[in-house]
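Note sheet for the following structure.
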Amino acid sequence: MVVVKKTALGRGLGSLLEGAESSPVVSAPASVTAINEIPISKISTNPFQPRTNFDVEALEELAESIREFGLIQPITVRKIGLSYQIISGERRFRASQIAGLETVPAYIKEADEHGMLEMAIVENIQREDLDPIEVALSFQRLIDECNLTQDSMAAKVGKNRATVANFLRLLRLPPVVQAALREGKISIGHAKCLLSLNDVSQQESLCRQIVAKGMSVRATEAKVRALLAEKPVREHTDAAQNPYSDKINRLKEISKASVNINKNAKGEVRVVLAFDREEALDEFLQNVEKL
């Protein structure tokens with residue numbers, strides 16, 4: 001007889017936004033009464049798995065624990081013909097493979113594809129340490145693929161609609177900023193500040209400053225307020241009205257960068273060049289004498 005230890009795993013969704021710890025109690029899925037020992041060779045991973053990154057070092061640590069104590073918490077699978085597909089517990093499954101187990105304890109549950117997606121996402125959000133973009137993408141998949149509203153989806157994951165909406169807003173950030181958030185280079189607090197800017201080049205430029213200078217969220221908020229206070233200079237098609245228009249167009253052509261011109265309340269004019277990669281900046285610096 002296999003004894004299942006109920007444990008509290010990971011952080012809850014709320015802690016990602018608010019820093020609050022939660023420890024859901026893991027129990028056997030509804031309608032499942034028995035634990036089965038299933039050969040690892042007959043188990044495949046979940047195509048609906050919301051987690052895209054598995055920390056190798058953390059998997060090795062879990063594998064070492066499994067070698068010593070065995071897999072305490074069963075995974076959950078569904079049966080497909082003579083094989084099985086993971087519904088939840090892929091991290092434990094991967095660690096068991098590393099540990100060299102031949103079989104793993106598992107609950108067998110009936111589920112269609114929508115059910116697979118819902119259970120995998122909810123289980124991961126409640127138990128695993130998904131990064132904020134993975135959470136946001138998971139929410140979006142539930143909405144798109146299961147035809148859910150934000151309200152109904154919020155009810156499924158046990159969160160209020162505002163929390164869900166805040167995560168979904170993260171998907172509006174440009175790829176450069178999303179990558180920094182996923183890698184932990186900036187926090188959700190920083191990301192929320194950047195969302196206040198409508199200009200993508202400003203978002204990317206400020207994101208790079210945050211990473212390079214280690215700016216706090218408060219400092220970022222102040223920088224965003226300053227940027228929002230700047231008034232954009234009106235562009236004129238008539239060269240007589242704007243004698244610099246030709247030079248600005250030439251600057252855009254040579255720099256291959258986004259060029260923004262802003263004017264603050266003191267009348268000071270600022271020209272901002274935003275490069276999408278360092279190579280473009282190097283090439284521009286080499287061509288400066290052509291201006």
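For the reader, a short list of remarks on this structure follows.
- Index of the failed condition, E134 passing every other in (1) open to solvent by less than 10 Å² (accessible area, probe 1.4 Å); (2) farther than 22 Å from N53 by Cβ: (2)
- Unique match (being surrounded by fewer than 20 Cβ atoms within 10 Å (Cβ to Cβ) and either touching a Pro at 6+ places or on another chain (Cβ under 7 Å) or over 30 Å from E183 (Cβ atoms) (or both)) among S41, S65: S41
- Just one residue in the set E279, E268 is among the charged types (D, E, K, R) and at pLDDT below 70; that residue is E279.
- Identity of the residue in the stretch 90-130, outside any helix (DSSP H, G or I) and modelled with pLDDT under 85, that ends up most open to solvent (accessible area, probe 1.4 Å): E110
- Pairs linking a residue in the stretch 139-160 that is under 20 Å from R172 (Cα atoms) to a residue that is among the polar types (S, T, N, Q) and in a loop (DSSP other than H, G, I, E, B), with Cβ atoms under 7 Å and 6 or more positions apart or on different chains, are A154/N160.
- Positions within the stretch 175-199 being more than 18 Å from the chain's Cα centre (by Cα) and open to solvent by 30 Å² or more (accessible area, probe 1.4 Å), in sequence order: S196, N198, D199
- The set of residues from the stretch 73-89 being closer than 29 Å to G184 by Cβ and surrounded by fewer than 20 Cβ atoms within 10 Å (Cβ to Cβ) comprises just one member, Q73.
- Filtered residues of the stretch 23-52 (kept if assigned to a loop (DSSP other than H, G, I, E, B), modelled with pLDDT of 70 or more and out of contact with any strand residue (DSSP E or B) (no Cβ under 6 Å at 6 or more places or on another chain)): A34, P47
- Residue match in the stretch 213-221 (condition: open to solvent by less than 70 Å² (accessible area, probe 1.4 Å), on the phi > 0 side of the Ramachandran plot and at pLDDT 90 or above): yes
The values are calculated or read from the model by the stated rules, or taken from the named source; none is laboratory data. This structure is a prediction, so every number in the text was calculated from the model and none was measured. Positions of Cβ are generated from backbone atoms using ideal geometry, with glycine treated the same way; all protein chains shown enter the neighbour counts. With ligands, DNA and RNA removed, areas are computed over all heavy atoms of the protein, side chains included. Shrake-Rupley method; radii C 1.70, N 1.55, O 1.52, S 1.80 Å.
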